[in-house]
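Worksheet: one structure, shown below.
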Amino acid sequence: MSWGTELWDQFDNLDKHLQWGIEFVERYNKFVKDRTDIEISYAKQLRNLSKKYQSKKNSREEEEQRFTSCRAFMTLLNEMNDYAGQHEVVAENMSGMIFAELARYIQELKQEKKMHFQEGRRAQQHIESCWKQLEASKRRFERDCKEAERAQQHFEKMDSDLNVTKADVEKARQQAHTRHQMASDSKAEYCSILQNFNKEQHEHYYTNIPNIFQKIQDLDERRIVRIGDSMKTFSEVDRKVIPIIGKCLDEITKAADSIDVKQDTQLVIESFKSGFEQPGDVEFEDFSQSMKRTVSESSLSNNRPDGKPDSKSGKSKGKLWPFIKKNKGSVPEDFSHLPPEQRRKKLQQKIDEINKEIQKESDERDGLTKMKDVYVKNPQMGDPSSVAPRLAEIGQTIEKLRQESQKFEAWLAEVEGRLPTKSDQTRRQSEMYESQSSAVNNCPQDRESPDGSYTEEQSQDPQLKVAAQNEFDDEFDDEEVLTSIGTCKAMYPFEGQNEGTITITEGETLTVIEEDKGDGWTRVRRSEDEEGYVPTSYVEVYLDKSVKGAMTYI
């Protein structure tokens, strides 16, 4: 199949076809450019998404990293960042290997097309010029023949006329001869030009045009092959990153498989376990017998020592179980405001921090000691006495840290010796209350028992009971004067079935009087006589701008 023989008379249509082919390559290259832009944009959005959900450098986020599910999520975010990098590689390779190369090829294509079609137009102009020359020679030959015939007829007429002189006859004869000679010359010229034209025409249609059209055909076929190769490259660029993307996805799957639900569940226990035991049965108090009754929750919460009724009995009496009363003001050094288990963890954490500081100071002391020995052996390198002040300072620091460590270890030993065990579940109810009361009295601040009531040892002195009762009432009086720090809107309904909680309905707006302290509960107020705790995850909180560290909980 050759365009030169099959399409010898379709020069203009071939010109249009080749122009269409170039435009098609340009359109395909524009597609590659758009795909490159999409890959770059997608990679950027993936990186921004990964960055948006990366952990912030704060204690809450670091606390989350203890959970296997959170670590798996961080692995997923890191792999998504690498995943985005592969899309950037795709964009870079498509831009360099396809778009830039095709852009240069399109320019070469246009130049070569222009050159071939200019050559074709020159060949057409040449054959058209030869044709015009042939036509002119033909018309001249025809005209001379007609002139020679008229001159011959005139001569014959003059020769047959007896009245015409011999000179006129000779003149007419000479004229006819001249015309015949001109016609003969025109005929010879016409034959020569015709022969030359036929030669030129044959060369044009069987040599020049086929050669030109073959070049154009080769050009178009190379264009088609180039498009095919480019599409293969388009595919290979994606195919090369598939193994790496597959590894990213494999790592995400591996991270998902590494999630340990039991471990995370145990971490929750370790994070929030108080160390208290569940309250046992309340013993029957026989008031019919003449004996001193024990101080119970009812005597503390409903009867005032001065015999006056509690004017605030209709209001919430502060935090009840399961809400361990939070310390007001500064945190005690021995963490006695915390439940036993949480206190033990904090003390152990403090001991570990102190030990790290001791190790750090010890390493520095060892280094300075070696330096001092070098100075002693080589005085030219330095003065040994210059190191002594720092060594003395480090020694004092280590001694202070050790004293601190011993102090916290003593508190830790005290807590660990007081932590309840499973075997204690069978002890009598009175012994449990006595033990909890003893634990409360040993702490610098009062603490609530798991059921929300305060317990105290029975005392033969009524004045001690009155003092304890007044102190108890004063604490709850202090908590009831909490002012509003914002508002919240209930996102879900919640039934407050436990003491200290409050029932809310979806869409209800309440006043916030105490924000979430990390236990997952927010204290709200519906009216002056109705307040309590609701799950933080059930409400959308809007703290006042004046509140430091304001944030929205959803």
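The values are calculated or read from the model by the stated rules, or taken from the named source; none is laboratory data. Nothing here was measured: the structure is a model prediction, and the numbers come from that model. With ideal geometry, Cβ positions are generated from the backbone for all residues, glycine too; neighbour counts draw on all protein chains shown. Only protein heavy atoms, including side chains, enter the accessible area calculation; ligands, DNA and RNA are left aside. Shrake-Rupley method; radii C 1.70, N 1.55, O 1.52, S 1.80 Å.
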task: Determine which member of the set 360, 370 is open to solvent by 80 Å² or more (accessible area, probe 1.4 Å), under 26 Å from residue 334 (Cα atoms) and not polar (S, T, N, Q).
output: 360
field: Lone qualifier among 146, 187, 138 - being part of a helix (DSSP H, G or I) and farther than 30 Å from residue 203 by Cα
entry: 146
- line: In the stretch 510-526, anything over 16 Å from residue 496 (Cα atoms) and over 36 Å from the mean Cα position of the chain (by Cα) is listed as 511, 513
task: From 227, 245, grab the single residue that is more than 26 Å from the chain's Cα centre (by Cα) and β-branched (Val, Ile, Thr).
output: 227
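Okay, residues lined up against (1) of a type in the set (Val, Ile, Thr); (2) within 30 Å of residue 127 (Cβ to Cβ); (3) open to solvent by 70 Å² or more (accessible area, probe 1.4 Å):
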position	(1), (2), (3)
148	no, no, no
157	no, no, yes
160	no, no, yes
175	no, no, yes
180	no, no, yes
186	no, yes, no
189	no, yes, yes
193	yes, yes, no
197	no, yes, no
task: Test residue 64 against the criterion of being more than 27 Å from residue 242 (Cβ to Cβ), among the charged types (D, E, K, R) and open to solvent by 80 Å² or more (accessible area, probe 1.4 Å), and give yes or no.
output: no
Members of the stretch 194-218 that are in contact with a Leu (Cβ under 7 Å, 6 or more places away or on another chain) and farther than 29 Å from residue 140 by Cβ: 213, 216
- prompt: Considering only residues of the stretch 221-267 that are in a helix (DSSP H, G or I) and acidic (Asp, Glu), which is farthest from residue 66 (Cα to Cα)?
  reply: 221
query: Assuming residue 218 fulfils every condition listed in (1) assigned to a helix (DSSP H, G or I); (2) surrounded by 13 or more Cβ atoms within 10 Å (Cβ to Cβ); (3) acidic (Asp, Glu); (4) touching a residue at least 24 places away in the same chain (Cβ under 8 Å) apart from one, which condition is it?
result: (4)
message: Looking only at helices (runs of 4 or more DSSP H) that lie completely in the stretch 1-88, which have at least 1 residues being more than 27 Å from residue 123 (Cβ to Cβ)?
response: 11-52, 59-64
field: Among residues of the stretch 221-246, those that are basic (Lys, Arg) and surrounded by fewer than 15 Cβ atoms within 10 Å (Cβ to Cβ), counted
entry: 4
query: Within the stretch 221-245, can you find the residues that are touching a residue at least 40 places away in the same chain (Cβ under 8 Å) and farther than 19 Å from residue 99 by Cα?
result: 244, 245
